[in-house]
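Participant: There's a structure below that I have some questions on.
The values are calculated or read from the model by the stated rules, or taken from the named source; none is laboratory data. Everything quoted here is computed from the prediction, not taken from an experiment. Ideal geometry is used to build each Cβ from the backbone, glycine not excepted, and the neighbour counts take in all protein chains shown. Heads up: the accessible areas ignore ligands, DNA and RNA and are worked out on the full protein's heavy atoms, side chains in. Shrake-Rupley method; radii C 1.70, N 1.55, O 1.52, S 1.80 Å.
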Amino acid sequence: MTSEQAALTSGADFWHTASTPPITLTDGPHGVRLAGTPGDPLTGRPATCFPPAVTTGSTWDPDLLRRLGEALGDEARSMGVAVLLGPGVNLKRSPLCGRNFEYFSEDPLLTGVLATAWVRGLQSRGVGASVKHFAVNSQETDRMTVSADVDERTLRELYLTAFQRVVREARPWTVMCSYNQVNGVYASQNHFLLTDVLRGEWGFDGVVVSDWGAVVDRVAAVAAGLDLAMPGPDDTGDRALVEAVAGGRLAPEALATAADRVLTLVRRAAARQAGEYDRDAHHALAREIAARGTVLLKNERAVLPLPADTSVAVLGEYARTPRYQGGGSSAITPTRLDVPLTRIATATSAPVRFAPGYGPPGPDGTPAEPDPALIVEAVAAARESDVALVFVGTPEETEGRDRTCLDLPAAHVDLIRQVAAANPRTVVVMCNGGVVRTTPWDAEPAAVLECWLPGQAAGSALADVLFGQVDPSGRLAETIPLRLADHPSYLDLPGTDGHLRYGEGIHVGYRGFDAREQEVAYPFGFGLSYTTFEYGTATATADDTGIRVRVEVTNTGDRDGREVVQAYVSRPGSRVRRAPRELKAFANVPIAAGATAEVVLDVARDDLGHWDVALGRWLVEGGPWHVSIGASSRDLRTTVVVDVPGDEVHVPLTAGSSLADWFADPRGARLLGAALAGPPGSPAVDPALLAIAAAMPLDRLARLLPGGPLDPAAVAALVAAANS
Ligand code: BGC
């Protein structure tokens, strides 16, 4: 029955399908936010608040992400949740995006690999993922209406890539379409995205669910390939679907297929076993991930790690009221909270002195103004202690609102400066969901730790890193710029008249900084460790599956540690404009003090392709590729050049193809050369003329030479012969 089918394609309420039995979908992504209070759909009952994606992204460790997915699956199962709304795999195009804390990286490969592991882990527990927000949802400003205007190559190579990897490799049960429009068409009504690409090209066989409230026109959405409009109920939309089928405006099969897919999802979920989870074990995992996602940006005179008998001044309100997650739909009610101040006091046997240093932010997130009295008190504590820890960070970062600048609150910067002047062993501890500008102050403290948003184990994870239980192996998944105006996305944001141009094209994040040879504060991939690593000389082989690189990495320090070995490719002399370097493989390797690991990095051939706009397909350029291996995008230790066999393609020659194109094609060159040949013995084409006319289409050259050898019939014959 059409009306039953229609009813199945919208929700029964905020979090349930209209099927019998209903299934529950809930946020996501870094915890299970199952609504617990009647009448309040937004506050979740207690669940482990794992670190958000900004932190998990910095671990560069798919294995850890798989374990996170498994743990989330166990919690979801224990609460009867069928689909967890995550992961968020949008690229961090701009550091201002208010939701960057929910996304992994500015790089599509890193995002895709981590998200794939997460989804595999989650779904191994019989709980479905919802990969979101499909697609090109990179800012919160006007997110329900804005059109992301992005060229096709950039769309394919940057903004769709992570989705493509997750869909192909992890087969998520659902994909969530975004609120925004893509090139003038709402994502929820975008046939190209939801059907041609997602299902047609990538083979997606699950349910496309709308972001909550993203559907504008239910009929257009179903026709485009959307299966489930959330939340519900939406009786008006259901009726519109029935009428559209009756009136011949919607194919009955389109509605039947959408309803069928929802029922298939319900059946998939029915196989799920109930279960319990171990709160302590999950808290321990949250702690492990938070410590592993911490990035050590600076560590002069090896001030860190701290000996266990260090007296510490713990300064800054965030040490006692931690920033550990962002605001909006992902906010989790934690099962417990490890407060940094308490955990540091437990970790050291020497005195700990606390001073708030600045006031808490206002209810709307406005930071407190600098307070000289609070700073004086903090400075006094710093003077009396071996080490001063200054806790700083962004005020509330939340879904629905972009940031307006990259600066820390003035009160935090003042505190850093005054404390660093009073104690040479000052360590800045940052908690923020998106990058902040560090250069105004980072020369002053001895060490800087970027903890991002560490989740409910914030304090214990931080103590593990500060006191050296864990080697900080986090690496930047996004560039920290010197200033906002340097950022490749800067000129376009936040868009005008409903349109947001993606003007930097493929040069997103480090790709743009590298292409313009710009200095940055800390480059993509960067992060220090308590030990040091040396790289041997890389070797590489290529075959039709891709490139395999081998390199030896030695831990040259006296502590065990982890290195994140990164492989960037470039293709000098490419036919298309490319970023100077693109991350194509990485490995997260534990290496004991003094030991050497042989690291093998595989670059899949598919990841070498660029989207050829003229041919409408991926294309791997043959010839020499450079693969540089190193510890960050700007710390490349060894480069190897390897010949990659190219894809064989024949680009058809037309009357509109330029002379250069004709002469670049062996057969075209022969045919056109012969057609233009003068009397025997004379040169075939005047080289000077060719140099000037290289860009001229063949048919226009023909028109310039009336009575010459290229009449319309001759041009047609040439085209036919060249492509036969
Ligand atoms: C967010 C989604 C979320 C959904 C349900 C939307 O506002 O954009 O990420 O899953 O709400 O809470």
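Participant: Distance between the C-alpha centers of the stretch 146-183 and the stretch 5-72? Whole Å please.
Facilitator: For the stretch 146-183 versus the stretch 5-72, the Cα centre distance is 21 Å.
Participant: Any chance you could check the Cα centroid distance between the stretch 368-419 and the stretch 93-136 for me, in angstrom?
Facilitator: First find each Cα centre; the distance between them is then 31 Å.
Participant: Here's a follow-up. Excluding residue 672 itself, what net charge comes from residues whose Cβ is under 11 Å from its Cβ, given Lys and Arg +1 and Asp and Glu -1? Don't skip to the answer; put the middle values down first.
Facilitator: Details: positive: 667, 670; negative: 661, 665.
Around residue 672, the surrounding residues sum to 0.
Participant: Next question, about the same structure. Computed from the mean reciprocal separation of all distinct C-alpha pairs, what Kirkwood hydrodynamic radius does the stretch 286-519 have, in Å?
Facilitator: Taking every pair of different Cα atoms in the stretch 286-519, averaging 1/r and inverting gives 18.4 Å.
Participant: How far is helix 372-383 tilted, in degrees, relative to the longest principal axis of the Cα atoms in the chain, given as a value from 0 to 90 rounded to the nearest 10?
Facilitator: Roughly 80 degrees between the two axes.
Participant: Over the Cα atoms, compute the radius of gyration (one decimal) and Dmax (the largest Cα-Cα distance, rounded to a whole number) for the chain, in Å.
Facilitator: In order Rg, Dmax, the Cα atoms of the chain give 28.4, 99 Å.
Participant: How much solvent-accessible surface does residue 353 expose, in Å² to the nearest 10, with a 1.4 Å probe and all protein chains in place?
Facilitator: For residue 353, the solvent-accessible surface is approximately 70 Å².
Participant: If packing is taken as the mean number of other Cβ atoms within 10 Å per residue, what is the order of 357-370, 385-398, highest first? Mind dumping the intermediate values first?
Facilitator: Values: 357-370: 15.9, 385-398: 24.4.
By packing density, highest mean first, the sequence is 385-398, 357-370.
Participant: What's the angle, to the nearest 10 degrees (0 to 90), between helix 62-78's Cα axis and the longest principal axis of the chain?
Facilitator: Around 70 degrees separate the two axes.
Participant: What percent do you get for the relative contact order of the stretch 52-188 when only Cα pairs under 8 Å and 6+ apart count? Please list the in-between numbers first.
Facilitator: Details: 288 pairs, mean separation 40.0, N = 137.
Relative contact order, the stretch 52-188: 29 percent.
Participant: Helix 235-246 sits at what angle to the longest principal axis of the chain, using alpha carbons and giving 0 to 90 degrees rounded to 10?
Facilitator: 20 degrees
Participant: When only C-alpha pairs under 8 Å and at least 6 residues apart count, what is the relative contact order of the chain, in percent? Kindly include the intermediate steps, with their values, before the conclusion.
Facilitator: Numbers: 1771 pairs, mean separation 92.6, N = 724.
That works out to 13 percent.
Participant: Once you have the alpha carbon radius of gyration of the stretch 277-411, what is it after dividing by 2.2 N^0.38 Å, with N set to its residue count?
Facilitator: Details: Rg = 16.4 Å, N = 135, 2.2 N^0.38 = 14.2 Å.
Here the answer is 1.16, to two decimals.
Participant: In what order, largest first, do 497, 492 sit by accessible area if the probe radius is 1.4 Å? If you can, show how the numbers build up before the last one.
Facilitator: Details: 497 145, 492 25 Å².
In descending accessible area the options line up as 497, 492.
Participant: Could you list the residues of the stretch 93-129 with an amide nitrogen less than 20 Å from a label point located 7 Å from the Cα of residue 545 in the Cα-to-C-beta direction?
Facilitator: 113, 117
Participant: Here's something else I'd like to know. Full extension from residue 648 to residue 600: what is 0.36 nm times the residue separation minus their Cα-Cα distance, to one decimal in nm? Walk me through the intermediate numbers first.
Facilitator: Values: separation 48, 0.36 × 48 = 17.28 nm, distance 2.84 nm.
Computed gain between residue 648 and residue 600 is 14.4 nm.
Participant: Separate question: Tell me what the chain gives for mean residue ellipticity at 222 nm when only DSSP H runs of n ≥ 4 count, each as -39,500 (n - 2.57), the sum divided by the residue total, rounded to 500 deg cm²/dmol. Can you show the working numbers first?
Facilitator: Details: 19 runs with 200 residues, N = 724.
Computed mean residue ellipticity for the chain: -8000 deg cm²/dmol.
Participant: At what distance in angstrom do the alpha carbon centres of the stretch 432-480 and the stretch 196-238 lie from each other?
Facilitator: Going from one Cα centre to the other spans 40 Å.
Participant: Here is a follow-up. Does the stretch 454-577 come out rounded, prolate or oblate, given a ≥ b ≥ c as the square roots of the eigenvalues of its C-alpha gyration tensor, rounded meaning a/c under 1.5 and, failing that, prolate meaning a/b above b/c?
Facilitator: Values: a/c = 2.52, a/b = 1.24, b/c = 2.04.
Because a/c hits 1.5 or more and a/b fails to exceed b/c, the stretch 454-577 counts as oblate.
Participant: Under 9 Å from the Cβ of residue 259, count the other residues' Cβ atoms, weight Lys and Arg +1, Asp and Glu -1, and hand me the total. Don't skip to the answer; put the middle values down first.
Facilitator: On the way: positive: 261; negative: 4, 227, 260.
Net charge around residue 259: -2.
Participant: Using a 1.4 angstrom probe, figure out how much accessible area the stretch 286-519 has per residue, in square angstrom, rounded to the nearest whole. Walk me through the numbers before you get to the answer.
Facilitator: On the way: 8070 Å² over 234 residues.
Roughly 34 Å² per residue, with all protein chains present.
Participant: Excluding ligands and nucleic acids, what accessible area in Å² is computed for residue 437 using a 1.4 Å probe, to the nearest 10?
Facilitator: Rounded to the nearest 10, the figure is 70 Å².
Participant: Calculate, in nm to one decimal, what residue 273 and residue 655 gain on full extension: separation in residues at 0.36 nm each, minus their alpha carbon distance. Could you put the intermediate results ahead of the total?
Facilitator: On the way: separation 382, 0.36 × 382 = 137.52 nm, distance 6.38 nm.
That works out to 131.1 nm of additional length.
Participant: Can you compute the radius of gyration and Dmax for the stretch 2-270, using only the Cα atoms, both in Å?
Facilitator: Looking at the stretch 2-270, its Cα Rg and Dmax stand at 17.3, 54 Å.
Participant: Above 22 angstrom, tally the Cα pairs of the stretch 76-158 and express them as a % of all pairs, no decimals.
Facilitator: Details: 1091 of 3403 pairs.
Tail of P(r) above 22 Å: 32 percent of Cα pairs.
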